[in-house]
Structures are given as C-alpha cells and as structure tokens.
Amino acid sequence: MAIDLKAVEQLATDQSSLKAAAGLAKPAKWSGVGGSPDGALIWGECAGSGANPYRVMADLRDLGNKCTCPSRKFPCKHVLGLLWLNAEAIVPFAPADTPDWVSDWLGRRRGTSAAKPANTVTPAGEKDLRTARTLEPEATQDPKDVARREAQAAKRNEETERAILDALDALEQWIGDQLRLGLSGFIDDATARCRRIAARLVDGKAAVLAGRIDELPSRLLALAAGDRPRGAVVELGKLVLLARAFRATPRGAEIRRAVVAAETRETVLANSQAPRVSGHWEVLAERVETRRDGLVSQTTWLLNLAASGPRFAMLLDFFPASAGRRGSVFTPGERFHGELVFYPSQQPLRALLVRREAADDTLTPEWPAPDATLNDALTRPLLTEPWMIEIPLLLPQGRIARDDSGGAWWRAADGTTTLPVAGNADGLLAGTELTRTAAIWSGSRLTILAAQSSWGRIGGHD
C-alpha cells in the first residue's frame, strides 16, 4: 500500500493542521513506528506535551485513522504527521506484529470501514469516530447519550469562540502598543513583532488571520521606504476593522473565512446558496508564493468573458513547500468553458472549478468592457469588505509610462487617472497602448496580470 503527499494535503482540515503536521514529520518526534506485513496498516507513537506519547494509527486502504490525543480536528496533526512520514519515506515502517492497541481499534472498525473497497478514500476532515461510538444503529442509541454528545459539542464550540475572541482582544491591544511605541520602531522590527502576535492568534484558533499578519512585513517591505509608515497604518487599521467585524457577526461565513478557516471543498459544493456560474473564462495569470508558515500558495486568476456574473474568479490552493513546486494545469492566455462554484460572499471571488471543457472557437478575442467607473471599481469592494488586501480590476484604455526616477505608472487614455505600478513593467508593456488591462490593486500599487493591445495579448511578465 502507498500514499502520496497530495493525499495527505487533501485530508487536512485547514492550513494550520498541515503546517503542524510538517513540524511533526521528523524522526525525533516518533517512536515505535511500524506497519503490517502487507503495508495496509501503519502506526507509531508521537511525543506530545504530556508524559505519555500519543498513539497514532492509520489504515491506508481507506485512510481511516485514530489518535489518542484530545484534538477536536479530524484528522489531527499527529495522524497527518504519521501519514507524512509514510508518504515521504522519512522513517522506515518495518513490518512488525500489530500492537494490541492497533488491533483493538481495527476490531472496532471491522465490518464497517475495513470492509470498504481499497479504492474508497475517506473524505477530507473525517476521522474514524467509530472508536467513540457503539456499533448499534443510530435509532437504538440512548437519547441521553445523544444529548450528552450534543452538549459536549456545543461546549467545545463555545470554548473555541471564546478563544478566538480572546485572541482578537490581544490583537487589538498589540496594535495599540505598536501605535503608541511609534511606527518607525514597528517597521524596523516588524518581522519579530508580527511573528509573536501571529503565534498568539494560532493558539487562539484564528489561523487564517495569523497567516495574514505573518505576511504583513513582506507587504510593507515591498513599498518604497517613504510609503511604509502609511502602509503600516492602513494594514493595522484593516486588522482592527476585521477584528470588530468578527465580534459583530462571529458566525458569518465571510468573516470566519478571513479569521479562522475557509470552508472545505465539500462544504462549498454542498451549499445550495453558493453561486454557480457556467461560462467562458480566460486564464489571466498564475502566482506561486512561498509563505513564512512553510506553505506555498498557488493562485490562478480567471476573467469571465461574459457580460454577466462575477468579473473575476480566483482559484486558490495550498501545499507544503517541502513538496516542491507543482506543475500547473492552466496556461496563461488559454480559454475554456467551465462551471465554477463561488464561496458565498457579498462579492464572490474565490471559487472552485467543477467542470472544464474546450472553449468555443467563436469567442471574440476582445475582453468585455469594465462594468463600473474606475473610481467605483477601486472603492466599491471596500464598502462591504474594508479589510480586503487585493482588489482585481479591469482597467479601460491606457498605457504604462515611466517617470524620471524609474517608476512605472498606468495612465488612463483620457488622462483622468494615474496609478503606480509594482515592479519595472518592462518589455512589451512599457509604452504600449493597452486597450484593456487586468490588474490587482493593493491599495498603493497595481500588479499587472495581463493586458490586451492592438498587437494581441501581453502577459504581466512579458
């Protein structure tokens, strides 16, 4: 039996679990690692914070798993760490007699998950809960047991909410301290200071917000030195707005997506309120960035070629940096007909690709016209999500020029608007009359994704 790292990634419930598993995928953390002679079962003991190690086991035939840790994540980081060890062959899983604690678990599974075909994969985020249940049908379970489990789940949810709110209180106090101590000192020491508060947010179950703060120093350093104080004020202000929005609507899907974790793929696909859009799409660009938490984000930007529906779509994926770079399934400039399901939002942007087919040859090569004035496009998204970091734009006719200091600027053809451009904007982009330009606005700079001109399509790096 074999498992690859991609399958491990798909099992993880969120990015923080994957990051924690990467930290556990080290031989020094484990003892008693072994496997069954046929390679179907693997097990090991992982050192934890207590005196006794956690016992971890998994069945590679259907990825059923069990860990003795108290984590409420299924699968927990220890299970992911064990599977990671096996997928990367970091330690040998020598054939051995099955320990009693593994046999007991397997016996409880027998007749259920163990009887599944070998090619059936347990859905991501589903741990083998049968060890905590009787094998009786649900209808014969004691109503008191059901009520007790529901009460325990409600208590856990309440504790999680309390932990998040406490972490947000700590964040706002930290922001006040940075402003009180002075922005100059904050900018000089941003990496260390952000790392400390990010760790506090991870402990408080606000993993996504922690990742955002961990990346804040790199966003500041990308600005010119004179722009960094203003950039720091804007970034810290957005964090305050996000923290207070969470307190106002802690159950809102959009807010939780920005603070805690995004919904799983299965949850989005099963959500009847999630917008579904079928149409023609063009691949604008792909961005691959290595994050400070050891994960790589792979973002694919798509443009809707129809006049209706969301103008842009963003396909987002994460994988461990240790896995190496993945090959892309898209080519910038290609067009296809497909169905996308968007994460529910007031401004749908992040999406999942459900179906993809070859594009219609009758498609016009021209991009659609912007559906709003440039000023509206720059400001309207912030009315509903003022903490947004990036806003995708479809710019009208214009060109990119350079100033005496070497900076690049996009200037509208009618001369009414001028926006600074990130990077040098060399090559075909420089000086060319652009009929349409797709870009990302970060609040201070444009990042060009692609453009159209009388010569044809120009990529952001051409």
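The values are calculated or read from the model by the stated rules, or taken from the named source; none is laboratory data. Here the structure is a predicted model, which means the values were calculated and not measured. We place every Cβ from the backbone using ideal geometry, glycine too, and count neighbours over all the protein chains shown. Just so you know, the surface numbers come from the protein's heavy atoms only, side chains and all, with ligands and any DNA or RNA stripped out. Shrake-Rupley method; radii C 1.70, N 1.55, O 1.52, S 1.80 Å.
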| query | If each of residue 146 and residue 432 carries a label point 7 Å out from its Cα toward its Cβ, how far apart are those two points in nm? | reply | 6.5
| query | Over its Cα atoms, what ratio of radius of gyration to 2.2 N^0.38 Å does the chain give? | reply | 1.11
| field | Cα gyration tensor category, rounded, prolate or oblate, for the range 266-359 with a/c compared to 1.5 | value | oblate
| field | Calculated FRET value between residue 224 and residue 331, using beta carbons and R₀ = 25 Å, to 0.05 | value | 0.15
| note | For residue 263 and residue 157, extending 7 Å from Cα along the Cα-Cβ vector and measuring point to point gives, in nm, a value of 1.5
| Largest first, how would 14, 104, 403 line up by accessible area (1.4 Å probe)? | 104, 403, 14
| task | Go ahead and estimate [θ] at 222 nm for the chain from helices alone: -39,500 (n - 2.57) per DSSP H run with n ≥ 4, summed, over the residue count, rounded to 500. | result | -10500 deg cm²/dmol
| Restricting attention to the alpha-carbon atoms of the range 374-459, what are Rg (one decimal) and Dmax (integer), both in Å? | 12.7, 38
| note | To the nearest 0.05, the calculated FRET efficiency linking residue 184 and residue 390 through their beta-carbon distance, R0 being 25 Å, is 0.40
| Given 400, 453, 157, which one lies farthest toward the positive end of the charge dipole of the chain, if we put +1 on the Cβ of every Lys and Arg and -1 on the Cβ of every Asp and Glu? | 157
| request: Quote the charge dipole size of the chain about the Cα centre in Debye, to the nearest 20; the model charges only the Cβ of Lys and Arg (+1) and of Asp and Glu (-1). | output: 920
| note | Under 5 Å from the placed amide H of residue 449, counting only residues 5+ away or on other chains, we find 438, 439, 440
| task | Would you work out what percent of the accessible area of the chain, with all protein chains in place, is carbon or sulfur (probe 1.4 Å)? | result | 53
| said: With +1 on the Cβ of every Lys and Arg and -1 on the Cβ of every Asp and Glu, and nothing else charged, how large is the dipole of the range 374-459 about its Cα centre, in debye rounded to the nearest 20? | reply: 160
| note | Here the FRET efficiency for residue 382 versus residue 455, based on Cβ atoms and R0 = 22 Å and rounded to 0.05, is 0.05
| field | Assigned charges on the beta-carbon of Lys, Arg, Asp, Glu; the range 266-359 dipole about Cα centre (debye) | value | 120
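Roughly speaking, what % of Cα-Cα pairs in the range 23-95 are separated by over 14 Å, rounded to a whole number?
54
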| query | When the chain is fully extended, how far beyond the present Cα-Cα distance does residue 200 get from residue 321, taking 0.36 nm per residue of separation? | reply | 41.2 nm
| query | What is the packing order of peptides 446-455, 288-297, taking the mean over residues of other C-beta atoms within 10 Å and listing the highest first? | reply | 446-455, 288-297
| note | Rounded to the nearest Å, the spacing of the alpha-carbon centers of the range 23-54 and the range 271-350 is 37
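Which entries in 26/155; 155/238; 6/29; 6/155 show an alpha-carbon gap greater than 29 Å?
Details: 26/155 34 Å; 155/238 31 Å; 6/29 22 Å; 6/155 34 Å.
Beyond 29 Å between Cα atoms: 26/155; 155/238; 6/155.
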| If the cut-off is 20 Å between C-alpha atoms, which aspartates and glutamates fall inside it for residue 144, apart from same-chain ones fewer than 8 positions away? | 136
